[in-house]
1. Give, in nm to one decimal, the length gained when the segment between residue 58 and residue 34 is fully stretched (0.36 nm per residue of separation minus the Cα-Cα distance).
2. For a test of the definition: using alpha carbon positions, the gyration tensor, and the 1.5 limit on a/c, classify segment 99-243 as rounded, prolate or oblate.
3. With 10 angstrom as the radius, rank 141, 152 by how many other C-beta atoms surround their C-beta, starting from the fewest.
4. Over the chain, what is the relative contact order in whole percent, taking alpha-carbon pairs under 8 Å and six or more residues apart?
5. In segment 219-243, which residues have a backbone nitrogen under 14 Å from the label point lying 7 Å from residue 194's Cα in the Cα-to-Cβ direction?
6. How much mean residue ellipticity at 222 nm does the chain get from its helices, if each DSSP H run of length 4 or more adds -39500 (n - 2.57) and you divide by all residues, to the nearest 500 deg cm²/dmol?
7. Using 0.36 nm per residue, how much length does the chain from residue 43 to residue 99 gain when fully extended, once their Cα-Cα distance is taken away?
8. Tell me which label goes with the value of Cα Rg over 2.2 N^0.38 Å computed from the coordinates here: (i) 1.05; (ii) 1.01; (iii) 1.26.
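Coordinate-derived values only; no laboratory data. These numbers were taken from a predicted model, which means no experiment stands behind them. Note: ideal-geometry Cβ built from the backbone for every residue, glycine included; neighbour counts use all protein chains shown.
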């Protein structure tokens, strides 16, 4: 079973509910990124993501899906795929008080270039808002996790992890804001095997519905697939549309 595709399809099936007029309070956006270079080099890098979230009473829900594809053609005309990955996530928070909350988190990713057939992480835990006001939010999360993983050409590898995460957002003014998050997931019986994900996006409004974005992301795997590098860095500029 391809766990990542099942999880991604599940997220995509849930997201359309956010567009309904009978579900007030949803905040939904879609972003597209494209970079093309022609001349001495011939490269293409394209990405897209969709994100939806809602807060009501003592509940906070967020879900999203993303995809990145890139290729390069050398001087001899041979075209090579340089990026091809897909991902999705779901998270539900239940507030205990204004700052403390329980959470349930699931994310899935497939990366053809990194030879990751699928990697699904399931994690419950506790979170706490260190800062929570109209302009700034900073929260920390921790909890146990289960990873379902398979590299291309190898048997599946399932193991328990611990998950530590932080999320930060700040509004500089009515038009410019920063959103950043990071998580660290070591295998509980082998701390030398871990994954770190980090991403930061700065966003500037162009109109009420459109904004320009610049995203820097990094994924580090201490034990990558055989023959692959540990670190993957991406920088994407794009346009975001708010529904």
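1. Result for the pair: 4.8 nm of gain on full extension.
2. oblate
3. 152, 141
4. 13 percent
5. Correct set: 220-223.
6. Estimated from H runs of four or more residues: -1500 deg cm²/dmol.
7. Using 0.36 nm per residue and subtracting the Cα-Cα distance, I get 15.6 nm.
8. For Cα Rg over 2.2 N^0.38 Å, the calculated option is (i).
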